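Read through the structure below, which is laid out as structure tokens, and then see the notes.
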Amino acid sequence: MAFALTPERERELQDILTRYPNKMAATIPVLHLCQDQHGWISDEIVHYVSQKLDVPPAHVKGVVTFYTLFNQHPVGKNQVWVCRTLPCALRGAYDIIEHCEKRLGVKCGETTKNGKVTLRTAECLASCGTAPMMQVNQQYYEDLTSEKVDEILRKLQES
Amino acid sequence: MLRRTDYLTKVYSLGHTLDVYEKHAQGYQAARKVLLSMTREQVIEEAKKANIRGRGGAGFPMGVKWSFMRPHPTKLAYLVINADEGEPGTHKDRTLMEWNPHSIVEGCIIGCYGIGANTAYIYIRDELHLSKERMWGAIKEARAKGYLGKTPFGKNYPVEVYVHTGAGAYICGEETSLLNSLEGRRGEPRLKPPFPAQAGAFGCPTTVNNLETIAIVPAAFLMGCEAFSKLSSLHHLNDGGTRLYGINGHVKKPGVHELAVGVTLRELIYDVAGGVLGDKPLMGVIPGGSSTPVLRADEVVHAPDEKSPLNPWHGKSVLDVPLGVETMRGVGTMLGTCCATVMAEGTDPLLAFLNLMQFYHHESCGQCTPCREGSAWLDRTIQKIFDGEGTMEDLNLLSDIANNIMGNTICAFGEGTAMPALGFLKKFRKEFEAYVRGERRKGQARLTVN
Ligand SMILES: Cc1cc2nc3c(=O)[nH]c(=O)nc-3n(C[C@H](O)[C@H](O)[C@H](O)COP(=O)(O)O)c2cc1C
Ligand code: SF4
Ligand code: FES
């Protein structure tokens, strides 16, 4: 089989299995492990997870398509999500989104030509008290201003 | 009445480690006392006295929920903690996970013992990476000290706590959807009954508690649950203790504050959050997350009946009613998650409405036709009015769509979409009509204060 987890991630998979009374419950955490390694969930990964957890491929596919955080296609090296929901919008989220689109030269949902950044909007990320905000890969950036955004995007383009 | 407390927030500035929790917050003393000196039945009786209303949005009394758990001859039981925090406007649970994770672990130990479970899963939305890290860290520390594992505090009652993550779906905050997601399935809500207490996680009796609900349990048990309840000025309405109050939107100092239950919106906005941005007049407030109907700043309480719990505030501004589960219901909205979103005069209510309905359209799980089609139709129709192409019939159509969702769906997401829609339609009808007449235009619509 072409796809396999790295030994370290394989160990984590074994640890995940100890937490639940059955293997199916590990579907989401194991998909996260795979995406962490590969960037997106390919059909190969769907089959890999299905075999590892003794569940039908259709089950895994159904889970992948339900949750927005599983990428069904390759994405850029860095993920930028700008929160667009009301509490953030009340504090300037629409301007931040426009600013990002201008700076990166892409629309939300697209990836820059150099493959460095995928820009997307997000629904409320539980940081409404420090709005506007965005998430970059695993990091939250809060109380954004256009200067802060420029700095963040510049670093991503250099990454 | 404004009264600050710091049962949960004291360690926020001191550190999130076990050391700090034990030294400064009498950490794990409540769990030790409960496991070593109380029976399960006593725990539940005591818990009821705290009058802790569920902090996840519905306000169900926690102790009563625990009492639904009956020992099963063959099946295990589970405690599941809801940290999916995704309701727009809600930003309190995350602070607990990041800055006081041990209160949650300790609450889980007491909760598991009380409901007869040996395992607790904390379901954290995947985006909250720091929260997951802090929770796992706290679990590890507690296990190393012998507070979790086979014999917590030396008592022969095993307790394990695990973190489980979602993958980006607001609907997974709905408790039965969350259970499906925990079991590794698509997060589609289940039909009730059976309720989780009968058949929840993995088909076993399960209690689902919000993260803040479980985090406050140690403080309540440490002080005595009745004394804890009485900290609230709404103790007489069985709405006890202290809560985390969030405030966001157009205020000078947004944030999260721990206060005795019963603070008013006016106190929260002006005394706690420093007033409205730019000292503008207030237009309206969404009291507890986007699913709770909006209140206009100029609304007045109408409760002439002396038996009504709201009668003491008859004729007064809604801003002067204490924020409680029953009191907010009394003024036609809900306390929800207790995090208020403030909108200053000048905010375009139609654009705000559109923003929210885009959220519900995006997040409907699609199982029920009224919700799937209705949320999309609401979004499209508001967009049409916003684009200047709407008619007065479209405004009536919006109410019809919302009314057709109410009561016709599997889960409360449907009401959570329809109720705020009906709220906006009722409260801002005049402004929406102005759009239809061409007196208000898309180009001038703003959500920010300049
Ligand atoms: C659409 C929807 C989303 C919800 N999201 C959350 C959530 O993010 N966190 C939460 O604690 N409860 C959420 N709830 C409420 C839960 O279903 C459940 O009532 C709650 O977790 C019970 O805990 P409590 O009694 O301690 O409040 C949601 C409900 C609905 C209908
Ligand atoms: S009401 Fe909406 S979110 Fe809830 S089950 Fe039906 S379609 Fe899904
Ligand atoms: S609305 Fe942006 S974090 Fe809540």
(request) Keeping to segment A:26-62, report how many residues are over 18 Å from B:His164 (Cβ atoms), out of contact with any helix residue (DSSP H, G or I) (no Cβ under 8 Å at 6 or more places or on another chain) and part of a helix (DSSP H, G or I). (result) 5
(request) Can you tell me which residue within segment B:63-94, out of those that are touching a Pro at 6+ places or on another chain (Cβ under 6 Å) and among the small types (Gly, Ala, Ser), is nearest to ligand 3 (Cβ to nearest atom)? (result) B:Gly89
(request) Among residues belonging to segment A:114-128 that are within 16 Å of ligand 3 (Cβ to nearest atom) and in a loop (DSSP other than H, G, I, E, B), point out the one that is farthest from A:Asp143 (Cα to Cα). (result) A:Glu123
(message) Looking at segment B:96-120 only, could you name the residues that are within 14 Å of chain A (Cβ to nearest Cβ) and open to solvent by 20 Å² or more (accessible area, probe 1.4 Å)?
(response) B:Trp99, B:Asn118, B:Thr119
(request) Restricting attention to helices (runs of 4 or more DSSP H) lying wholly within segment B:10-82, give those where 2 or more residues are open to solvent by 90 Å² or more (accessible area, probe 1.4 Å). (result) B:18-24, B:29-37, B:40-49
(request) For A:Val80, work out the one condition from (1) more than 21 Å from B:His164 (Cβ to Cβ); (2) at pLDDT 95 or above; (3) away from chain B (no Cβ under 12 Å); (4) more than 12 Å from the chain's Cα centre (by Cα) it doesn't fulfil. (result) (4)
(message) I'd like the residue in segment B:180-198 that is in contact with a Ser or Thr (Cβ under 7 Å, 6 or more places away or on another chain) and closer than 22 Å to B:Ile115 by Cα and, out of all such residues, is least open to solvent (accessible area, probe 1.4 Å).
(response) B:Pro196
(message) Given the condition basic (Lys, Arg), touching a strand residue (DSSP E or B) at 6+ places or on another chain (Cβ under 8 Å) and surrounded by 15 or more Cβ atoms within 10 Å (Cβ to Cβ), answer yes or no: does some residue in segment A:99-121 qualify?
(response) yes
(message) I'd like to check something: does segment A:14-28 contain any residue that is facing chain B (nearest Cβ under 9 Å), within 17 Å of the chain's Cα centre (by Cα) and not acidic (Asp, Glu)?
(response) yes
(message) Going residue by residue through segment B:245-255, is there one that turns out to be aromatic (Phe, Trp, Tyr) and surrounded by fewer than 22 Cβ atoms within 10 Å (Cβ to Cβ)?
(response) no
(message) Against the conditions (1) of a type in the set (Ser, Thr, Tyr); (2) within 11 Å of another protein chain (Cβ to nearest Cβ); (3) over 13 Å from A:Trp81 (Cβ atoms), where does A:Thr112 fall short? Just the number, please.
(response) (2)
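Please work out if B:Pro304 is in contact (Cβ under 8 Å) with a residue 40 or more places away in the chain, surrounded by fewer than 24 Cβ atoms within 10 Å (Cβ to Cβ) and in a loop (DSSP other than H, G, I, E, B).
no
The values are calculated or read from the model by the stated rules, or taken from the named source; none is laboratory data. Nothing here was measured: the structure is a model prediction, and the numbers come from that model. Every residue, glycine among them, receives a Cβ derived from its backbone with ideal geometry; neighbour counts consider all protein chains shown. These area figures cover heavy atoms from the full protein model, side chains too; ligands, DNA and RNA do not enter into them. Shrake-Rupley method; radii C 1.70, N 1.55, O 1.52, S 1.80 Å.
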